[in-house]
1. Is it the case, given these coordinates, that GLY135 is under 19 Å from ASN302 (Cβ atoms), assigned to a loop (DSSP other than H, G, I, E, B), modelled with pLDDT under 95 and more than 14 Å from the chain's Cα centre (by Cα)?
2. Take ALA239 and tell me if it is within 16 Å of ligand 2 (Cβ to nearest atom), outside any loop (DSSP other than H, G, I, E, B), more than 20 Å from the chain's Cα centre (by Cα) and within 30 Å of PRO4 (Cβ to Cβ).
3. Just checking, does region 170-178 include any residue being crowded, with 19+ Cβ neighbours inside 10 Å, of a type outside the set (Phe, Trp, Tyr), within 30 Å of GLU246 (Cβ to Cβ) and within 15 Å of ligand 2 (Cβ to nearest atom)?
4. Kindly indicate whether PHE199 is within 13 Å of ligand 1 (Cβ to nearest atom), under 26 Å from ALA252 (Cβ atoms) and buried (at least 20 other Cβ atoms within 10 Å of the Cβ).
5. So is ALA255 at pLDDT below 95, within 16 Å of ligand 1 (Cβ to nearest atom) and of a type in the set (A, V, I, L, M) or not?
6. Does GLY167 fit the bill of being on the phi > 0 side of the Ramachandran plot and surrounded by fewer than 21 Cβ atoms within 10 Å (Cβ to Cβ)?
7. Pairs please, first residue from region 141-156 and surrounded by fewer than 24 Cβ atoms within 10 Å (Cβ to Cβ) and of a type in the set (Lys, Arg), second anywhere and in a helix (DSSP H, G or I) and at pLDDT 90 or above, Cβ atoms under 9 Å, 6+ apart in sequence or on different chains.
8. If ARG59 passes every condition in (1) touching a helix residue (DSSP H, G or I) at 6+ places or on another chain (Cβ under 7 Å); (2) of a type in the set (D, E, K, R); (3) at pLDDT 70 or above; (4) closer than 30 Å to HIS186 by Cα but one, which one does it miss?
Amino acid sequence: MRLPALQLAPIASLVLALSTTGCLCANVQDEVSTEQYDEVFTDEALAELQMGSMTDAERCEAACQQLAMGDETGTGGQGDYDKLLSCEAVGGDDALPTWDPAQTQVTVVCEVEYRSLGFCTGRRPLGHRELAFVGCSRGAWFAEQAYLERASIGAFVELADWLERRGAPSDLVERCREAAADEVVHGDRMAALAEREGFEVPPPRAEPGGDELLAIALHNAVEGCVRESFGALLGAHQARACEDAELRELFARIADDELRHGQLAWDLDAWLLEQLDERERVQVESARIDALAELSRLTWRNAERTPSGLGWPSPELAASMAERFADSVRGARSIAA
Ligand SMILES: [Fe+2]
Ligand SMILES: [Fe+2]
């Protein structure tokens, strides 16, 4: 059964009803880590990788992604990574090409990089490259937000163009273009704050993103419906709790815009799901469920590294807000089903 688009406003009220507390700042310096995966693929898992028309490098990366995501072929991964550093695949029969359908086993060894995922009051484009701003100063925080807000401009422009090409309802296309214009303002205002504190904001970097329907739907479900929507609620909390009147005004404006963007993500989701088949819809829901499940942990970490005085909730409150958000979304989805 098709689900109607989730309504974000009532969930926002529920989450923001949690009481406010002060902010903390921990000395998290290193936001980058690497992980190595090593696994032998056989049977169905191997057959899936051998199918289709991918290059050898793409098959190796697909295998590595499965390992990172803790697919049944692996022993549990650390989740989706930010960068593939190396990937090597060796077939069991060295007389055959590595990914030849006659191979019965292929060993994949890959190394990947994880970067701490900051919450932004924006939306990362597909292929977005994280940039770690080391330190726990207000200037570094503003610079990171400005970087992410500016990345959101491209995300919405790309999405609007893609939707137009796909013949999506004009209302969705128009709302994406309006969102891109909002993100220009957010990016400029955050960059001005960063520059005032001596930080330069580099232009956003992104690898070419996929433009397949399923990839767009998966990205929207995770980045739009979960992260951008929840980022909007953190912005609303900042608008209430921040000590600085100028920042409160900015955060209030951003939070209003972001709540609209969050609702846009859910409205887009409803349209995207209609375009997918049942198996793909299950994949999208599953990715969203995974993103909701990790929201509390991510939020805690981000609360720890956010400087004081900016109105961010404490790690405990931030994690509670994330849990309430995740529970509310899950509840709304199951009621709608
Ligand atoms: Fe934004
Ligand atoms: Fe946004």
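1. Yes.
2. So ALA239 passes the test.
3. The answer is yes; a qualifying residue exists.
4. Criteria not met by PHE199.
5. Spelling it out, ALA255 is indeed at pLDDT below 95, within 16 Å of ligand 1 (Cβ to nearest atom) and of a type in the set (A, V, I, L, M).
6. When the stated conditions are applied, GLY167 passes them.
7. Close Cβ pairs satisfying both conditions: ARG150/GLU183; ARG150/VAL184; ARG150/HIS186; ARG150/GLY187; ARG150/ASP188; ARG150/MET190; ARG150/ALA191.
8. (4) is the only condition that ARG59 fails.
The values are calculated or read from the model by the stated rules, or taken from the named source; none is laboratory data. Computed from a predicted model, the values in this text were never measured in an experiment. Cβ coordinates were reconstructed from backbone atoms using ideal geometry, including for glycine residues, and neighbour counts include every protein chain displayed.
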